[in-house]
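Here the structure comes first, spelled out in structure tokens, and everything after it is commentary.
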Amino acid sequence: MKSLLLVETVIGRLGLVAEANHLTDVYFEHDSPPPDLPVRETALLVEARAQLLAYFSGDRTTFTLPLAPAGTPFQKRVWQVLCGIPYGETLSYKEVARRIGNEKAARAVGRANNRNPLPIIIPCHRVIGANGAMVGYGGGLEIKEKLLALEKGYLKGKSG
């Protein structure tokens, strides 16, 4: 049975969804989670909330949550690469495609990025255009820019 927990963050309300002890979805405030999901605190959702809030406060750079994103094998390969992009760094869609073994698949990588059901946790915001441009993000470009600025700001603060 799926459960939903709503979390207030610096980028707006997020909806966290878990099923069978795995996080399955993160919804942005402008998204509509399925209307029949029961809102309740499970141990996993409470931990996911704590990790997200620690991320937003600069105290966490990675997530250690059991994930079960629904997707095709190709999408899951892309998402696995995204999980390897270090905090505060970015890759181009072409570079992600190269890392999955097909540098001509940049558009397909973009589609997989767009269908990522666990944004922020699977850091699709760290993928940018080849020229460094902010392109496409399910949460909107403003949120993508905020997430990247947040990460770069906390990295700068910790190194100086």
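When you scan the stretch 117-127, do you find a residue that is of a type in the set (D, E, K, R), modelled with pLDDT of 90 or more and open to solvent by less than 50 Å² (accessible area, probe 1.4 Å), even just one? Among the residues of the stretch 117-127, at least one is of a type in the set (D, E, K, R), modelled with pLDDT of 90 or more and open to solvent by less than 50 Å² (accessible area, probe 1.4 Å), which makes the answer yes.
So is LEU14 hydrophobic (A, V, I, L, M, F, W, C) and without any contact (Cβ under 8 Å) to a residue 40 or more places away in the chain or not? Taking the combined requirement at face value, the residue does not satisfy it. Note on the stretch 1-105: enclosed strands (runs of 3 or more DSSP E) holding 1 or more residues that are under 13 Å from the mean Cα position of the chain (by Cα) and surrounded by 13 or more Cβ atoms within 10 Å (Cβ to Cβ) are 12-19, 22-27. Suppose the filter is in contact with a helix residue (DSSP H, G or I) (Cβ under 9 Å, 6 or more places away or on another chain), surrounded by 14 or more Cβ atoms within 10 Å (Cβ to Cβ) and more than 20 Å from LEU52 (Cβ to Cβ); does GLY139 pass it? Taking the combined requirement at face value, the residue does not satisfy it. Within the stretch 35-63, the set of residues being in contact (Cβ under 8 Å) with a residue 24 or more places away in the chain and farther than 25 Å from TYR154 by Cβ comprises LEU37, PRO38, VAL39, ARG40, GLU41, THR42, LEU44.
The values are calculated or read from the model by the stated rules, or taken from the named source; none is laboratory data. Fair warning: this is a prediction, and the values are worked out from it, not measured in the lab. All Cβ positions, glycine included, derive from the backbone under ideal geometry; neighbour counts span all protein chains shown. Please note that ligands, DNA and RNA were not included when accessible areas were found on the heavy atoms of the full protein model with its side chains. Shrake-Rupley method; radii C 1.70, N 1.55, O 1.52, S 1.80 Å.
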